[in-house]
1. Using every pair of alpha-carbon atoms in the protein assembly as shown, split the distances into 20 Å bins beginning at 0 and state the percent of pairs per bin, rounded to integers.
2. Per q in 0.08, 0.10, 0.15, 0.17 1/Å, what log10 I(q)/I(0) does a Debye calculation on the alpha-carbon atoms of chain A return?
3. Among A:Ile89, B:Ile21, A:Ile193, rank each residue by its count of other Cβ atoms within 10 Å, from fewest to most, as a rough exposure measure.
4. What angle do you read, to the nearest 10 degrees and between 0 and 90, between the alpha-carbon axis of helix B:150-169 and the longest principal axis of chain B?
5. Could you grab the relative contact order for chain B? Cα pairs under 8 Å, six or more apart, rounded to a whole percent.
6. Using the Cα atoms of segment A:2-99, I'd like the radius of gyration and the largest Cα-Cα distance, Dmax, both in angstrom.
7. Beyond 25 Å between alpha-carbons counts as too far, so tell me which of A:Lys36/B:Lys50; A:Lys174/B:Lys52; B:Lys102/B:Lys174 fall in that bin.
8. Cut-off is 10 Å between beta-carbons; in what order do B:Leu38, A:Leu155, A:Leu14 appear when sorted fewest neighbours first?
There are 2 protein chains.
Amino acid sequence: MAKYHHGNLRREVLNCAIAMITEHGVEGLSLRKVAKELGVSHAAPSHHFKSKSDLLAEIIRESYEMLTSTILAAIADHDETTATQRLRIMGSTSMRWAVANKARFSVMMNPDVSRFAEEAVHKALAEFVGVVADAIGEAKGEGFYPDTSNAILLLYAIGAANGIATVLTDDLVKTAVGVDIGENDYDALASLIVDTRDERPR
Amino acid sequence: MAKYHHGNLRREVLNCAIAMITEHGVEGLSLRKVAKELGVSHAAPSHHFKSKSDLLAEIIRESYEMLTSTILAAIADHDETTATQRLRIMGSTSMRWAVANKARFSVMMNPDVSRFAEEAVHKALAEFVGVVADAIGEAKGEGFYPDTSNAILLLYAIGAANGIATVLTDDLVKTAVGVDIGENDYDALASLIVDTRDERPR
DNA sequence: ACGACAATCTTGTCAATGTCAAGATGACCT
DNA sequence: AGGTCATCTTGACATTGACAAGATTGTCGT
């Protein structure tokens, strides 16, 4: 009595895969187990994602879209800020998002997946990078690190925020560093990243 | 005519695995292919590493040792520096090392591997973290970010350096950010991380 | 209403892989 | 010489991703 035409198998595969990654990591993701979990045949997912890499790439694409809209929404909630303050909000929001979406973030940070990324992923990622780059450009006009090129600042900002989030989402490193984060600490960390002389009076 | 008693199969497995990861990523690592490459039977590596995770964990352990001794050596070469300057050197050296050892670094940053890490890995990692923590403690005495706890600073410093290195070693993100790094830029990036008011006169 | 068509799902199959068990081989020591 | 142990081989098994071919269902034109 196999149930044909599941309805929205594609979405359920994505959700189930993320749940499985949350519990067992990317390595623990098995398309066949996903299919079993959803009560479909082992080959059903392959009609929505042409390969495992393809499924993971879609998770990445979707996640970058989520992240981008999340930081944009956060900025919209604080409309009175300067560009430098917007950068800070973007940083803290990104880190919070990563911790709240460990599975998605771990896939995004997995170089093995990006290796097979396709056009759609590049586009979503470029959009995210673009938003940060714009904020840096505006902050530059406010005297933000005037001696450093925008390209280096972009690398620094994205790298630092992602790296801190990585430490917070990697149990091994997190335990070694031995820090437990409270809600306020995200803002403190973001401040450390975008720290400039003008805004940290001795 | 199979050649028994290979001699130093353990080390050759490690080297071959790293070479394979360099070319095809962690996902592209196959114990059987390593064995074939080395001209031994498919089960030979299992007598030196009880599982694939075990092999990867050993690569991580070894790599943290390499990284720790590399930054200690770099500091020893600049004996005239202050603690804050030592932090800067540690940061730029770490990032350079990561770029020069992409395969090892990608394994270290892979959460799926750390999930199964054992005591020896924890120890090597703790040693690395300890070196950074010590430097931060000393810098603190020089007025380094006096308003921020050592724990947060440690998280920030390690996270930022690792994150920037991650961007530089991930082709997808690196391309999206669109930056090409020169030798001097590592120092500039390290300066951005340990940037304090006192050392960046307007 | 009806039949083609496309989308979706199933069943069957294959090669690759990690892991384990049992036996073979060779170095070293006494 | 003989035994002992680490090392390696052979053989086997379950899991997995991927593919091919067929079955089922919804849709759309007529």
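Bear in mind that the values in this text are calculations on the coordinates, not laboratory data. Everything numeric in this text was worked out from a predicted model, so none of it was measured. Virtual Cβ from ideal backbone geometry, glycine too; neighbours counted across all protein chains shown.
1. For the protein assembly as shown, the pair-distance distribution reads 26, 55, 18, 1.
2. The calculated log intensity ratios at q = 0.08, 0.10, 0.15, 0.17 Å⁻¹ are -0.33, -0.50, -0.96, -1.14.
3. Fewest-to-most ranking of A:Ile89, B:Ile21, A:Ile193: A:Ile89, B:Ile21, A:Ile193.
4. Long axis of B:150-169 versus the principal axis of chain B: about 60 degrees.
5. Working: 179 pairs, mean separation 46.4, N = 202.
Dividing the mean separation by the residue count of chain B yields 23 percent.
6. Calculated on Cα positions, Rg and Dmax stand at 17.7, 58 Å.
7. A:Lys36/B:Lys50
8. B:Leu38, A:Leu14, A:Leu155
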